[in-house]
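Visitor: Dropping a structure here in structure tokens format, bear with me for questions.
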Amino acid sequence: MKARQQQTAIPPIVDPTPIPAGRFAAIDFETADHGRDSACALAVVVVEGTRVLQEEHFYIRPPRQQFLFTWVHGITWRDVVDAPRFGEVWPRVASLLEGAEFFAAHNAGFDRSVLYQCCHCAGVAWPDHRFQCTAKLARQAWGLSPATLPDVCRHLGITLRHHKAASDARACAEVIIAARERGLPLSPWLGTYRGRLPEKGAALPGFNGR
């Protein structure tokens, strides 16, 4: 008599849209204070299909000297005092994002809001791309809960130095790549941005925890 095969639970498919096979960009911001305009580091990882094409990391001088989240990411005012402001690095960042079909980030609502606030305060137009959240993707595709970036990376065997922008962005890219390699569907895209844009130079209270 054959032994009964153990059944593996399959997470429900929320949105059966296959992950586009083209180019995407994974991004990760670190911020200095509660203002979403206070980006002090940004990493961008560009992927074509399942191949990483380019990785870039930028230190950014935020609009205020107060650093409340050094304990999270290790960055201080001294590290960025001579770094370019967001508007100065934006042309290079925009060239990296060109041609991407979508952007990906872990807890993408945070990174999207930082991108929009920084673009707004720098007086540049933000890119009109859909955002895929790899935390939501991990819950849907692999049934993970909690689905923090360290949890997802442990599950998938991805190397991570958490809250280091370059490592977080690379890990986020690899989560999308893992889903592509397995033919898994996307999680739902983030909806329309409803955040409040601050007066230029004014802090917008927010939360940096991811």
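Visitor: What is the extension gain from T76 to H129, computed as 0.36 nm multiplied by their sequence separation minus the C-alpha to C-alpha distance, in nm to one decimal?
Guide: 16.0 nm
Visitor: Return W90, W71 ranked ascending by Cβ neighbour count within 10 Å, so the fewest neighbours appear first.
Guide: In increasing order of surrounding Cβ atoms, one gets W71, W90.
Visitor: Now for a separate question. Could you work out the local net charge near V46, counting Lys and Arg as +1, Asp and Glu as -1, over the other residues with Cβ closer than 14 Å to its Cβ?
Guide: -3
All of the numbers you see were taken from the coordinates with simple rules; none came from a lab. Values in this document were obtained by computation on a predicted structure and should not be read as measured data. So basically every Cβ, Gly included, is an ideal-geometry build from the backbone, and we count neighbours across all protein chains shown.
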